[in-house]
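Below: the structure, in structure tokens.
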Amino acid sequence: MPNMPGMPHDAPDTPGWHWTEDASAFFGFNEQERKFRDFHAWESQNWLMVDGTHRLASGTFRATAMTSLEPFTLKKIGSPQVFQTGETFHSAPLIDYQHPHDLIMEVGATYTRTAGTFTYVVGADAVGPPTLGPPAFMHRPSAYGNPQVPLSHHFLDSTHITPGVVRAGVARKSVGIDASVFHGREPDEDRTDIDFGALDSYALRLSWNRGPWSAQASGARLTLPEAITPYDADKLTGSIAYANPNRRMTAWMFGFGQNREIHGNFEAYLFEATIKASRRGLIYMRAESADKDILDAGFHPRGVFHRHRHSQVGALTGGYLFNFLKTKMGIFGVGADVTGYSVPLNLEEAYGSPSSYHVFVHYSLGGQSAGHLH
């Protein structure tokens, strides 16, 4: 069973180090079509994760490292994606692009110890996720096979690459609570460095696990998270998920996220699922409704305040992944998907009736059932 963030992991059964690896790589053609402009790219989304556990003083020590080559396999501005927002390029807000993920996505350690019916967890990360939100999209079984980043990413799980995190938690049976302090500013445009800073933000999360079911509710106070807006912000998230590789619908998740900013509250809803179509075939889908800040995005100096206009965007994705080869080295597949959009009235003139398509080859080291969540 995959573990929700903040819940204890299973201890190794034998002495010594126990290492696991997981990886995913997409390479393919990305076509985005909208009024006044069609844009496309040959690109690769990818990541590699290494995880080691060792028994230590009646507990379990876990070291984790994760990297991505996206700073080199995507354009510097990122991957074209209609209605995507979040972070900056050349000091301007990114719109219609998903930024590359950092070369160093995670480096950290966790110590877990059980005493009676309680399990205690402490950890620290040079780069890693604070105790906020569900697992990042690339680790969710419900998003397996989908090369596209959710439009709700910056509402739900965008803090998964945070430079500087200290965290602690406690769990009893199926319920856990964890908290963290961390550096609140988003990573800058240099995707190959680590943007260390003060541990000036904090988050709290309540999580629940039972069999294939998991849920979480979390919130955070972030100090100056965006380079273009010199104000603090709050985040609220909630999610419920199901993952069972033995069922026809192997996994699904419903999530909600809200960004509470000086210029207004913006929220997003997501439902995603994977469905086993055959022994080698997998259908994936995603439905989203995201309140986007597109019309008023830009630099706002301190003291300049106005309410931003809201643009409630909808997106529905359907795709198919066929795994044609399974070897000791991993699983190789080919896939394709299409996305249609619901466009709000205040963006119709600029966007028209957009759509997007992906055709790709996919490599996975662990496969959907690996359950390598952190």
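Just name the residue that is farthest from Ser180 (Cα to Cα) out of those in segment 201-224 that are within 18 Å of the chain's Cα centre (by Cα) and surrounded by 22 or more Cβ atoms within 10 Å (Cβ to Cβ). This residue is Ser214.
Of the residues that sit in segment 62-83 and are of a type outside the set (Val, Ile, Thr) and under 23 Å from Thr339 (Cα atoms), which one is most open to solvent (accessible area, probe 1.4 Å)? Applying the filter and picking the extreme gives Lys75. Of all residues in segment 292-310 being in contact with a helix residue (DSSP H, G or I) (Cβ under 7 Å, 6 or more places away or on another chain) and among the aliphatic types (A, V, I, L, M), which is nearest to Val82 (Cα to Cα)? Of everything passing the filter in segment 292-310, Ile294 is nearest to Val82 (Cα to Cα). Look at Thr110 and say whether it is open to solvent by 20 Å² or more (accessible area, probe 1.4 Å), part of a strand (DSSP E or B), among the polar types (S, T, N, Q) and in contact with a Gly (Cβ under 9 Å, 6 or more places away or on another chain). The answer is yes for Thr110. Report yes if some residue within segment 231-238 is out of contact with any Asp or Glu (no Cβ under 9 Å at 6 or more places or on another chain), assigned to a strand (DSSP E or B) and closer than 30 Å to Ser91 by Cβ; otherwise report no. Looking for residues that are out of contact with any Asp or Glu (no Cβ under 9 Å at 6 or more places or on another chain), assigned to a strand (DSSP E or B) and closer than 30 Å to Ser91 by Cβ, one finds at least one in segment 231-238, hence yes. Filtered by the rule that a residue be more than 18 Å from Trp47 (Cβ to Cβ) and touching a Phe, Trp or Tyr at 6+ places or on another chain (Cβ under 9 Å), segment 87-100 gives Phe89, Ser91, Ala92, Pro93, Ile95, Asp96, Tyr97. Only one entry in Gly303, Gly314, Gly319, Gly281 is farther than 19 Å from Ala92 by Cα and touching a Gly at 6+ places or on another chain (Cβ under 8 Å), namely Gly319. A count restricted to segment 84-102 and to residues that are among the aliphatic types (A, V, I, L, M) and open to solvent by 40 Å² or more (accessible area, probe 1.4 Å) stands at 2. Of the set (1) open to solvent by less than 30 Å² (accessible area, probe 1.4 Å); (2) hydrophobic (A, V, I, L, M, F, W, C); (3) outside any loop (DSSP other than H, G, I, E, B), all apply to Leu132 but (3).
Checking every residue in segment 114-123 against the condition of being under 22 Å from Leu236 (Cα atoms), crowded, with 18+ Cβ neighbours inside 10 Å and not β-branched (Val, Ile, Thr) gives zero matches.
Criterion applied to Arg286, Arg260, Arg307, Arg280 was being surrounded by 17 or more Cβ atoms within 10 Å (Cβ to Cβ) and either touching a strand residue (DSSP E or B) at 6+ places or on another chain (Cβ under 9 Å) or within 19 Å of Glu33 (Cα to Cα) (or both), and the one residue passing it is Arg286.
The values are calculated or read from the model by the stated rules, or taken from the named source; none is laboratory data. Only a predicted model underlies this, so the values are computations on that prediction, with no experimental measurement involved. Please note: Cβ atoms are built from the backbone with ideal geometry, for glycine as well, and neighbour counts cover all protein chains shown. All accessible areas refer to the heavy atoms of the entire protein, side chains included, with ligands and DNA or RNA removed. Shrake-Rupley method; radii C 1.70, N 1.55, O 1.52, S 1.80 Å.
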